[in-house]
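Q: Could you have a look at this structure, given as structure tokens, before my questions?
The values are calculated or read from the model by the stated rules, or taken from the named source; none is laboratory data. Because the structure is predicted, anything quoted here is derived from the model rather than measured. Here the Cβ positions follow ideal geometry from the backbone for every residue, glycine too, while neighbour counts run over all protein chains shown.
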Amino acid sequence: MHFDWYSTHHFSDSKEVIDKLKSFIPNYSKGGDAFAVLPKETQSAIEKSKRLYEYHKAAGHEGHLFDCNPCTDVYRIVQMILKDE
């Protein structure tokens, strides 16, 4: 969500997600420190996450979004953290 334009692209597995991340962060490794490049894109990621959440909700996937791919509601936590800063 931080780097790509808004997309509803379905990821087949975690390897596909990591490969996509590596197109934006070439040295990305799971468990590595990629946070230095994320802050400048945080607001954009929040807005795209909200839009994606609404996309799935409109498709009838209200409540738990476990079957939605891609989808995240991490933006809710990030908003709370930013509000408390």
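Q: Give me the residue from the stretch 46-68 that is at pLDDT below 80 and surrounded by 14 or more Cβ atoms within 10 Å (Cβ to Cβ) and, out of that set, farthest from the chain's Cα centre (by Cα).
A: HIS61
Q: Return yes when ILE77 is assigned to a helix (DSSP H, G or I), free of Cβ contacts under 8 Å to residues at least 24 places away in the same chain and surrounded by fewer than 11 Cβ atoms within 10 Å (Cβ to Cβ) and no when it is not.
A: Details: assigned to a helix (DSSP H, G or I): yes; free of Cβ contacts under 8 Å to residues at least 24 places away in the same chain: yes; surrounded by fewer than 11 Cβ atoms within 10 Å (Cβ to Cβ): yes.
Spelling it out, ILE77 is indeed assigned to a helix (DSSP H, G or I), free of Cβ contacts under 8 Å to residues at least 24 places away in the same chain and surrounded by fewer than 11 Cβ atoms within 10 Å (Cβ to Cβ).
Q: Considering each residue of the stretch 25-51, count those that are more than 22 Å from ARG76 (Cβ to Cβ), of a type in the set (Phe, Trp, Tyr) and out of contact with any helix residue (DSSP H, G or I) (no Cβ under 8 Å at 6 or more places or on another chain), and give that number.
A: Here the count works out to 0.
Q: Sticking with this structure for a sec: For the stretch 1-16, enumerate the residues that are farther than 17 Å from TYR75 by Cβ and touching a residue at least 40 places away in the same chain (Cβ under 8 Å).
A: Initially, the stretch 1-16 is screened for residues farther than 17 Å from TYR75 by Cβ, giving 9-16.
Listed by number, the residues that qualify are HIS9, HIS10, PHE11.
Q: I need the full set of residues from the stretch 2-25 which are exposed (fewer than 13 other Cβ atoms within 10 Å of the Cβ), at pLDDT 85 or above and not polar (S, T, N, Q), in order please.
A: Matches in the stretch 2-25: ASP13, LYS15, GLU16, ASP19, LYS22.
Q: Same structure, new question: Restricting to the stretch 26-45, count the residues that are without any contact (Cβ under 8 Å) to a residue 40 or more places away in the chain, surrounded by 11 or more Cβ atoms within 10 Å (Cβ to Cβ) and hydrophobic (A, V, I, L, M, F, W, C).
A: Total satisfying the criteria: 3.
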